[in-house]
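Reviewing the structure listed below.
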Amino acid sequence: MAPPPPPPPPPLPEELVEEILLRFPPDDPARLVQAALVCKRWCAIVSGAGFRRRFGKFHRAPPLLGFVSNVRIQRQRGAVEFVPTCSLPASQVHSRKGHVRVVDAHHGRVLLHRISAGWSLPWPDVLMVWDPTTDVQEEVPFPDVAQYKLDWTAAVLCAAGGPCDHIDCRPGPFLIVFVGYDREHVETVLCTYSSSTASWSKPISSNQLPYGRYMSRHVAHVESALYFGVLMTDHILKFDWESQEISWIQMPPTCSSKWPYVLTTTEGGGLGLATIHESSKLYMWSRNDVSQVDATWTQSRVIELKTLLPVHAVLASPRLFGFTVGTGVIFVRSNNVLFVIDLKTYKVIKEVSMASEIYTIIPYMSFYTPGTTLLSFGFYKILDE
């Protein structure tokens, strides 16, 4: 008679399982999903709120999960779409088309603009702050200064400031910084919204520039300041929300306002700028001390895109469309293709076709763990599907 089979080994202690799962790469979230399918016990571990918090603290810097883009679907109608750049589960990647556009994303929050002007829709224009992990959205009315004809943009960020690690602060209070050019009064105006008081601040203004057009993809967050790119000028607007002051800095001396550029942050946490010039060269600049009036720009890198892109893309004069904070990923468009390039590995990590319809790219960085509704785009009550 054959001996009975040996008993199964005892399960790993829960503490050890969690320590193993914490070390899964955050830019490959499908691995955590696969781990959750092993057994109910593992599923309970990785889908818990405590694990999400510890996962974020262990890895510290959130990965790039994808980008939110504004796309044209009709002549005067747009939509918001999400394009993943990592292994997000297919069930978590959806799009809902409608009368909205993405404006900004910081600290796990996405700022949207619900549009009614020109479409005779039964709702007013509003801003919306959306948490993709819970699908919770909060409407914010436009400030009074928006009644004037403005070229404007805005940014959303955590209201806690420096003391917060921004790993899991999305349910907390937030700030919105709204900036635009008032054509009627010929001045730049800026005001802030606090979710704690549900009110806009008194606007501050500057008439230093004769004209400015503010673009959403030109916003950088450095320490206690936001920097807004201003097209058609050689200046960048700086707003320090601690002192509530507006100031202006000039672009690098060899850069032209006619070149498409994006504002970035450097590895050391300073202000940076990137632009493509001479058809195929990516120039990267850093500002040595953003807190000083006499700070200067330094050219930090020049990257030849001929070594990264196909020949046909280089010949078509590629344009820089976006840059992520801390991950070294850039977005370059050429003809009808958008290339997502990792500058750390010098590899194209994704190609998106039909990119000619994409006119804004906002990178989205966050931690994904099973049990969240990340990027479900569930605007069921406000979107026209």
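Screening H277 against (1) surrounded by fewer than 20 Cβ atoms within 10 Å (Cβ to Cβ); (2) at pLDDT 85 or above leaves a single unmet condition, (2). Does region 256-278 include one or more residues that are among the basic types (K, R) and in contact with a Gly (Cβ under 6 Å, 6 or more places away or on another chain)? Checked against the condition, which is being among the basic types (K, R) and in contact with a Gly (Cβ under 6 Å, 6 or more places away or on another chain), region 256-278 yields no hits at all.
Against the condition loosely packed, with under 15 Cβ neighbours inside 10 Å, at pLDDT 80 or above and either under 19 Å from A274 (Cβ atoms) or aromatic (F, W, Y) (or both), how does Y364 come out, does it pass?
Working: loosely packed, with under 15 Cβ neighbours inside 10 Å: no; at pLDDT 80 or above: yes; either under 19 Å from A274 (Cβ atoms) or aromatic (F, W, Y) (or both): yes.
Spelling it out, it is not the case that Y364 is loosely packed, with under 15 Cβ neighbours inside 10 Å, at pLDDT 80 or above and either under 19 Å from A274 (Cβ atoms) or aromatic (F, W, Y) (or both).
Taken over region 330-346, the residue count meeting the criterion of being open to solvent by 10 Å² or more (accessible area, probe 1.4 Å), assigned to a strand (DSSP E or B) and in contact (Cβ under 8 Å) with a residue 24 or more places away in the chain is 2.
Condition (residue is touching a Lys or Arg at 6+ places or on another chain (Cβ under 8 Å), in the same structural domain as V110 (by the TED database), of a type outside the set (S, T, Y) and closer than 20 Å to Y227 by Cβ) applied to region 159-170: is it met by at least one residue?
To start, the set of residues in region 159-170 that are touching a Lys or Arg at 6+ places or on another chain (Cβ under 8 Å) comprises 165, 167-168, 170.
Next, from what is left, pick out any that are in the same structural domain as V110 (by the TED database): 165, 167-168, 170.
Add one more test, that the residue is of a type outside the set (S, T, Y), and what stays is 165, 167-168, 170.
Those left that are additionally closer than 20 Å to Y227 by Cβ: none.
Within region 159-170, not a single residue is touching a Lys or Arg at 6+ places or on another chain (Cβ under 8 Å), in the same structural domain as V110 (by the TED database), of a type outside the set (S, T, Y) and closer than 20 Å to Y227 by Cβ.
Has region 251-267 got any residue that is of a type in the set (G, A, S), in a loop (DSSP other than H, G, I, E, B) and at pLDDT 85 or above?
Taking region 251-267 as the starting set, the residues that turn out to be of a type in the set (G, A, S) are 256-257.
Next cut, in a loop (DSSP other than H, G, I, E, B) only: 256-257.
Imposing the further condition that a residue be at pLDDT 85 or above reduces the set to none.
Checked region 251-267: no residue is of a type in the set (G, A, S), in a loop (DSSP other than H, G, I, E, B) and at pLDDT 85 or above.
Looking at P9, P26, P62, which is the one that is part of a loop (DSSP other than H, G, I, E, B) and either at pLDDT below 85 or open to solvent by less than 20 Å² (accessible area, probe 1.4 Å) (or both)? Before the answer, list the steps.
Values: P26 fails: either at pLDDT below 85 or open to solvent by less than 20 Å² (accessible area, probe 1.4 Å) (or both); P62 fails: either at pLDDT below 85 or open to solvent by less than 20 Å² (accessible area, probe 1.4 Å) (or both).
None of the other options fit; the residue is P9.
P318 passes every criterion in (1) more than 18 Å from the chain's Cα centre (by Cα); (2) closer than 26 Å to H166 by Cα apart from (2). Tell me whether region 347-354 contains one or more residues that are over 27 Å from L273 (Cβ atoms) and at pLDDT below 85. Checked against the condition, which is being over 27 Å from L273 (Cβ atoms) and at pLDDT below 85, region 347-354 yields at least one hit.
Checked against the criterion of being of a type outside the set (A, V, I, L, M) and touching an Asp or Glu at 6+ places or on another chain (Cβ under 7 Å), the candidates F58, F51 yield just one match: F51. Restricted to region 12-22, and to residues there that are of a type in the set (A, V, I, L, M, F, W, C), modelled with pLDDT of 85 or more and more than 10 Å from F55 (Cα to Cα), the residue that is least open to solvent (accessible area, probe 1.4 Å) is V17. Reported count of residues in region 235-259, each being more than 29 Å from H166 (Cα to Cα) and either surrounded by 15 or more Cβ atoms within 10 Å (Cβ to Cβ) or of a type in the set (G, A, S) (or both), is 6.
The residues listed here are P29, P62; of these, the one that is within 18 Å of D165 (Cβ to Cβ), under 34 Å from the mean Cα position of the chain (by Cα) and touching a residue at least 60 places away in the same chain (Cβ under 8 Å) is P62. All of A160, A220 fail the test of being at pLDDT below 85, within 26 Å of Y364 (Cα to Cα) and among the small types (G, A, S), apart from A160. With the condition kept exactly as written, say whether any residue in region 299-307 is open to solvent by 20 Å² or more (accessible area, probe 1.4 Å) and part of a loop (DSSP other than H, G, I, E, B). Looking for residues that are open to solvent by 20 Å² or more (accessible area, probe 1.4 Å) and part of a loop (DSSP other than H, G, I, E, B), one finds none in region 299-307, hence no. Taking region 252-286 only, how many residues are without any contact (Cβ under 8 Å) to a residue 40 or more places away in the chain, over 16 Å from L231 (Cα atoms) and in contact with a Ser or Thr (Cβ under 7 Å, 6 or more places away or on another chain)? Residues in region 252-286 being without any contact (Cβ under 8 Å) to a residue 40 or more places away in the chain, over 16 Å from L231 (Cα atoms) and in contact with a Ser or Thr (Cβ under 7 Å, 6 or more places away or on another chain): 6 in total.
The values are calculated or read from the model by the stated rules, or taken from the named source; none is laboratory data. Worth saying up front: this structure is predicted, and the values here are computed from it rather than measured. Note that each Cβ is placed from the backbone with ideal geometry, even for glycine, and that neighbours are counted across all protein chains shown. Accessible surface is based on the protein model in full, side chains and every heavy atom, while ligands, DNA and RNA are left aside. Shrake-Rupley method; radii C 1.70, N 1.55, O 1.52, S 1.80 Å.
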